[in-house]
1. Under the condition of being hydrophobic (A, V, I, L, M, F, W, C) and outside any strand (DSSP E or B), which residue from segment 88-141 is surrounded by the most Cβ atoms within 10 Å (Cβ to Cβ)?
2. E74 - would you say it is loosely packed, with under 15 Cβ neighbours inside 10 Å and either assigned by TED's automatic domain parsing to the domain that holds R36 or assigned to a strand (DSSP E or B) (or both)?
Amino acid sequence: MYGLTPFEKNEFNPFALFNTFEKNFFGDSMPVNMCRTDIRDDGSKYIMEAELPGFDKEDINLDINGTNLVLSAEHKNETEHKDEDGKYIRKERSYGSYRRSFDISGIDADKIDAEYKNGVLTIALPKKAIEEKSVKKLQIK
């Protein structure tokens, strides 16, 4: 029951009370697992779907670095509330970034296509055509 009641002492984590207070006070705007990524094999291509809620399309970058596809996103948010005299009642700032790379050595990098809609980045990764290995008979002299 230790994790369910915020004011009980957690014998395994003496800072649990402070962590709960900090999370409730400051918020939890960028959770560790915020960019869930699913990859499925669709026959001639792979389809990758990455959840990036709260990001604008302009905040997201896709780069090809050798045989790696690098997905990165950076989000900045600032909110302020003032009273009638223009004094701050509350001012909050949040920042979050995400970076992950994927091996695309078996992908035709020139034909990768990406779309961002409703917080989900969908990337079509066409597979390279399989080259048939030719058999060559050598003459023995």
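1. So the first thing to find is which residues in segment 88-141 are hydrophobic (A, V, I, L, M, F, W, C), and the list is 89, 102, 104, 107, 109, 112, 114, 120-121, 123-125, 129-130, 135, 138, 140.
Now drop any that are not outside any strand (DSSP E or B), which leaves 104, 109, 112, 129-130, 135, 138, 140.
Details: I104: 19, A109: 14, I112: 17, A129: 8, I130: 7, V135: 5, L138: 5, I140: 4.
Filtering segment 88-141 for residues that are hydrophobic (A, V, I, L, M, F, W, C) and outside any strand (DSSP E or B), the one surrounded by the most Cβ atoms within 10 Å (Cβ to Cβ) comes out as I104.
2. Details: loosely packed, with under 15 Cβ neighbours inside 10 Å: yes; either assigned by TED's automatic domain parsing to the domain that holds R36 or assigned to a strand (DSSP E or B) (or both): yes.
So E74 passes the test.
The values are calculated or read from the model by the stated rules, or taken from the named source; none is laboratory data. Quick caveat: nothing in here was measured; it's all calculated off a predicted structure. Ideal geometry is used to build each Cβ from the backbone, glycine not excepted, and the neighbour counts take in all protein chains shown.
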